[in-house]
Amino acid sequence: MTPAALLTEAFSRVPATVGRALDGLSEDQLAARPAAGANTLAWLAWHIARGQDTQVADLAGSEQVWTADGWARRFGLPFPAEALGYGMSRDDVGRVRASADLLSGYLDAVTARTVAYLGTLTPEDLDAVVDDAWDPPVTAGVRLVSILDDCVQHAGQAGYVRGLLFCNR
């Protein structure tokens, strides 16, 4: 298995994990919080896709799926198009409201773009330095693992939030 194929397999698992957390829930349920100020399922799913979309588009030198494919318009969120969730206030987290289908659709589209990009990479491409502001400098491979790590952590949080809110009722 090539490194790119390994990354493809890993990124391809994220939508199913997130989908299980969202499955069958209404927009109101997706906007519920397990505790005051906690992240919602809607925000977590949106943030997973936005973070991946932003960072992979940067690596690929392409426009984000969010803007290129009209997802920003479909979501209609009250944020600038470049918002992706980092540093959002509790109130802003609560403003991310969307259906499970919309959230899953966007993540599926982002994952498809990610997989297409990964299919173009050679092992040498993964060794290319993409950020020399760090010591050691960050390579494309390290950045992709970082993006994947964020996605997996937030997907796990989404499953946990669903369990806290809806599994004991």
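The values are calculated or read from the model by the stated rules, or taken from the named source; none is laboratory data. Worth saying up front: this structure is predicted, and the values here are computed from it rather than measured. Reconstructed Cβ throughout: ideal geometry from the backbone, glycine too, with neighbour counts over all protein chains shown. Only protein heavy atoms, including side chains, enter the accessible area calculation; ligands, DNA and RNA are left aside. Shrake-Rupley method; radii C 1.70, N 1.55, O 1.52, S 1.80 Å.
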Do we find that Arg50 is among the basic types (Lys, Arg) and either open to solvent by less than 30 Å² (accessible area, probe 1.4 Å) or modelled with pLDDT under 95 (or both) in this structure?
yes
Only one of Ala32, Ala36 is touching a helix residue (DSSP H, G or I) at 6+ places or on another chain (Cβ under 9 Å) and at pLDDT below 95. Can you tell me which?
Ala36
Given the structure, is Ala100 touching a Ser or Thr at 6+ places or on another chain (Cβ under 9 Å), closer than 19 Å to His154 by Cα and buried (at least 18 other Cβ atoms within 10 Å of the Cβ)?
yes
Has region 131-147 got any residue that is closer than 25 Å to Ala38 by Cα, assigned to a helix (DSSP H, G or I) and either of a type outside the set (Ser, Thr, Tyr) or at pLDDT 95 or above (or both)?
yes
Only one of Leu107, Leu121 that is surrounded by 15 or more Cβ atoms within 10 Å (Cβ to Cβ), in a loop (DSSP other than H, G, I, E, B) and on the phi < 0 side of the Ramachandran plot:
Leu121
Filtered residue count, region 11-21, keeping only those that are within 13 Å of the chain's Cα centre (by Cα) and open to solvent by 30 Å² or more (accessible area, probe 1.4 Å):
4
Considering region 54-93 alone, what residues qualify as being open to solvent by less than 30 Å² (accessible area, probe 1.4 Å), farther than 23 Å from Val130 by Cα and not hydrophobic (A, V, I, L, M, F, W, C)?
Gly70
Reported set for region 74-94 where residues are in a helix (DSSP H, G or I), of a type outside the set (A, V, I, L, M, F, W, C) and touching a residue at least 12 places away in the same chain (Cβ under 8 Å) is Arg74, Arg90, Asp92, Gly94
Pull out all pairs, ordered by first then second residue, where Cβ-Cβ is under 9 Å, the residues are six or more apart or on different chains, the first lies in region 49-73 and is more than 19 Å from Ser12 (Cα to Cα), and the second is surrounded by 20 or more Cβ atoms within 10 Å (Cβ to Cβ) and acidic (Asp, Glu).
Trp71/Asp53
When the residues of region 22-45 are narrowed to those that are buried (at least 21 other Cβ atoms within 10 Å of the Cβ), among the aliphatic types (A, V, I, L, M) and more than 12 Å from Asp101 (Cα to Cα), which ends up nearest to the chain's Cα centre (by Cα)?
Leu44
